[in-house]
1. From Cα pairs below 8 angstrom and at least 6 apart in sequence, can you work out the relative contact order of chain A, rounded to a whole percent?
2. What's the carbon and sulfur percent of the range A:124-230's accessible surface, probe 1.4 angstrom, rounded to a whole number?
3. Going toward the positive end of the dipole of chain A, with +1 on Lys and Arg Cβ and -1 on Asp and Glu Cβ, which of A:344, A:383, A:361 do you reach last?
4. Leaving out ligands, DNA and RNA, what percent of the accessible area of chain B is carbon and sulfur, probe 1.4 Å?
5. Per residue of A:368-381, count partner chain C-beta atoms within 10 Å of its C-beta, then hand back the mean as an integer.
6. What accessible area, summed over both chains, is buried at the A-B interface (1.4 Å probe, Å², nearest 100)?
7. In debye, nearest 20, what is the charge dipole magnitude of the range B:47-162 about its Cα centre with +1 on Lys and Arg Cβ and -1 on Asp and Glu Cβ, if you could check?
8. DSSP loop (so not H, G, I, E, B), at most 13 other Cβ within 10 Å: list which trypsin sites (Lys or Arg not before Pro) in the range A:265-328 pass both filters.
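The values are calculated or read from the model by the stated rules, or taken from the named source; none is laboratory data. None of these values were measured; they are calculated from a predicted model. Methodologically, a virtual Cβ is constructed for each residue, glycine included, from the backbone with ideal geometry; neighbour enumeration extends over all protein chains shown. The accessibility values were calculated without ligands, DNA or RNA, using every heavy atom of the protein model including side chains. Shrake-Rupley method; radii C 1.70, N 1.55, O 1.52, S 1.80 Å.
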Amino acid sequence: MDLSYTPKQQAFRAEVRHWLEAHVPADPLEHYDASRAGFEAHRAWEATLKSGDWGMVTWPKDYGGRGLDLIEWLIFEEEYYRAGAPGRVNQNGIFLLGPTLMEFGTPAQKQRFLPPMASGEEIWAQAWSEPQAGSDLAGVRATAVRDGDDYVLSGHKIWSSRAVFADWAFGLFREPGSERHKGMSLIFFKLDAPGVTRTPIRKINGHVGFAEIVLEDVRVPAFNRLGDEGQGWHICMATAGFERGLMLRSPARYQVAAASLAGMWQARRNSADPLLEADVVRAFMNAEAYALNIYQTASRLSAGAKIGAEASTNKIFWSEMDIHLHQTALAILGADAELVPEPGTLRRGDHDWLDDYIFALAGPIYAGSNEIQRNIIAERMLGLPR
Amino acid sequence: MDFTLSAEQQMFAHTATTLFGNTCTPAHWRTMMQHDRAFDPDRWAQIAATGFTAMLVPESAGGLGLGEVDFALIAQAAGYVALPEPLVESAGIAAPMLAELAPDHALLRDPAAIIAIAPAANPVVASADVAGAFLLEKDGHAFLATPDTIALTPAQSIDPLRRVFRIGWDPAAAQDLGPADWTRATDRAAVFAAAQGMGLAQRAVDLAVAYAKDRQQFGKPIGSYQAVKHHLASAQTAIEFARPVMLAAAATVAQGDIYARARASHARIVALEAADQAARAAIQVHGAMGYSWEVDVHLLLKRALALTGCWGTPAFHRARIAARLFTRPAGPDQTFAKEQSVA
Ligand SMILES: Cc1cc2nc3c(=O)[nH]c(=O)nc-3n(C[C@H](O)[C@H](O)[C@H](O)COP(=O)(O)OP(=O)(O)OC[C@H]3O[C@@H](n4cnc5c(N)ncnc54)[C@H](O)[C@@H]3O)c2cc1C
C-alpha cells in the first residue's frame, strides 16, 4: 500500500491541469439537454478535448485514447471537475458502451466505433428500458429478426438519456419467441435511421433529457451486434458493472461539490442553522469515502481483479450521498433555496444547487434502482435466498 | 499509488483470523461470561507468541517494526470475535508510545507484557486488572506506573467481555517520561477502533445472514423477504465505504498532520457507525431471539457502544475533521494531501 502519487502521476496531473486551464470555456455552456444548441456546444467541446487527445485517456492510442491506467483516469477526472469543465455529453458512449466494446467488440468494431466516440463525432444513447420493462429488464419485448446479413429491429424504448439529440443508440433486443435472459442481443442503431421515431420527454427539471424511441422495421447490418447472438444479457450486465462500479460517477464530482459546500457554509454560517455544520462535514466525509473506495477498486482492477456485485454498493452510496449533499446546500440557502438562478449569472465553477438537487433525485432510480441494488447486494454478495 | 494489501499483510491477517476464530468462539465467550472473566491467559500467550504484541515496536526497541496498516488488520480480526483481551490498547496504542519515550524499557522486550493506557479523556481504564504497567496522561506528559502504585475501583461496562476500572494514582510514585504525543496515541486509537468496528460490523452481518437463511416464517426463509434483505444490504454498504477509509487512515497515521488526524477521526466515526448499524440490523433480523442474552449479537452492539465513547467522542472527532476541512484546501486533488514541511 502506497497512497502517494508517483512523479509520473504528478507530472500527468500538471499536464492535464495546464491543458484544461488553457481550454475550458470561461462561461458554462448551455446544458446539453436544454436545446440542440447546448448539445452541439458540448459536441464541439468533445472535439476540443480530442484535439488534445483527452477524449478517453484509458483507451489504447489506436482507438483515440492515450493507453493510460485507471489511476491516471481518476487523476484526469479530478482535474476535469476541478477545472469546472463541461459535462460529458457522450457519457453513455465513453463510460458505458466504450469499456463494453473494449471487452466484447471485434477489432473491426472497435476500429469503427471507438475513435468517433472518443472525439464526440458520434454521440451515444442507451436504449434498454421499455414501457413494460424497467427494473425487470429481462422483460424487454423489442425484437431483432435476422435477415441475411442484417437485423430488422422493432419495438418501443423509453427513458433514453440524450437520445433526443444523439446520433446512435445501443439497444437491447430479443429473438422473437425467446424468453427472459435468453435470446437477447445488444445491437447498435442510428437514431435518424428510417423507421426510428423519437419523442422527447421532459424531465422534472423541464429539460428534454430523455426520449421515447419507437422502432418500426429498422434495418441494421449484423456488424452492429456486440458479442454473440443471444449474449446480450451477459454483456448488459458487464456494462451495468462499469456503470455502477466505477465509471459513470467519478468521485471528483462529489469532492468538488463538497468543497464548494464547505465554502458556502463558511460564507453563510452566521445566518444559518448551526446544526448544519455536521452535515457539511458529513458531505465531505462521504465524498472522501467514495474517493477512497474508488481508488481501492481501481488498484484492485489494475492488479487483475474484476468488478463484482459490490458495484451495487457504490451506486447506492453515491446516489444517497448526492442527495444528502444537495439537501444540505438547500438548507444552508434557507429561504433562497427555491429561487432559480437568473439566466446567465452562473460562472464557471459555480454550482446550481437547486438544479443539481433535482438531478440528484434521479440517482436512486437510474442505472438500476437502489431497491434493485439492495436486492443484488443481499442475494449476490451476502447469499440470501431469492 | 497502490491501494492493495501486500501478501505478507494478508498472511498476518490470516494468522490472526485463524487464531482468534479457533480460540474466541461463541462457546468460549459464554464460558468466560459464566466465570465472569474477560481475560484468557492461554490465548494471550498464543497472541504474544505470534508476534502481534511486538508489531508496532520498532526493531531497534526489540519489536517487529511493522506499521499501522499491518496492525489494523489484526485489530479488524479482533473486532470480528469481540476479543476480550486488551491487544489493541496494549500493543496498538501503549507499546508504540512507550517505544517512542523509553525505547530501552524492558517491557518492550516482553511480548506478553500488558501495558494499560489512560488518556485524560477516558473515564475508565480497560483490563487494568491484568496490566503489568500503566501509561498515564497528565499535563501532556506520560507517566509510567507499576500496578502496586495504582488504586483500582471496578466499574461495570455494558460490554460483558470488557473489564474497566476507575483508577487512582500519584504522579510522585510514577516515572515521568516527559512530554508525550497523546495526539498520535489518539490517532492510533481512532484507527484501531475503526478497524475493530469493521470486524464487529461484518460479524453482525454474517450472523444475521446465517440466521435469515435458516429461520422460516410464512413458509419461507425470512432472508427471502426484501425488508430483511435491505436492512443487511444497507449495513454492508456502510461497511464497504468505511473500510477503505480505515485502511487509508492506518496508512497515514505516521504522517502525523492535520490530514492524518482528520482521516483517523473519519475512519473511527464511520466504522463505529457501521458497527452500530449492522448490530442493530442483526438484532432486528433475529427478532426476539436477537433481544435475548443467549444470542450473540448483543455482544457486538455493546462492544461498538463501548468503543464509541472512549478516546474522544464522535463530536470531538468530527471537530478534527472540520478543522481540516475549514482550514486546508479541499477537493479532488487533495484526497492524499500531506502537510508541506516548512523548510
Ligand atoms: C434520469 C433518468 C435517466 C435514465 N436514462 C436511461 C437511459 O439512458 N437508458 C435507459 O434504457 N433507461 C434509462 N432510464 C430508465 C431507468 O433505467 C429506469 O427508470 C429504471 O431501471 C427503473 O425502471 P422503471 O422506471 O420502469 O421503474 P419500475 O421498474 O416500474 O420501478 C418502480 C419502483 O418500483 C421498485 N421496484 C421495481 N421492482 C422491484 C423489485 N423487484 N423489488 C423492489 N422494488 C422494486 C423500483 O425500485 C422503483 O422504486 C433513466 C431513468 C431516469 C430517471
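1. Details: 634 pairs, mean separation 55.3, N = 386.
Worked out over chain A, it gives 14 percent.
2. Values: 2230 of 4680 Å².
Carbon plus sulfur share of accessible area: 48 percent.
3. A:383
4. Values: 7260 of 13250 Å².
It is 55 percent, rounded to a whole number.
5. On the way: counts 0, 0, 4, 4, 0, 3, 9, 4, 2, 9, 14, 4, 0, 7.
That average works out to 4.
6. Numbers: alone 17760 and 15570 Å², together 28750 Å².
Roughly 4600 Å² of accessible surface disappears when A and B pair.
7. On the way: 3 positive and 13 negative charges, 29 e Å.
Once rounded to the nearest 20, the dipole reads 140 debye.
8. On the way: sites: A:268, A:269, A:282, A:300, A:306, A:315; in loops: A:306.
Sparse-neighbourhood loop trypsin sites (Lys or Arg not before Pro): A:306.
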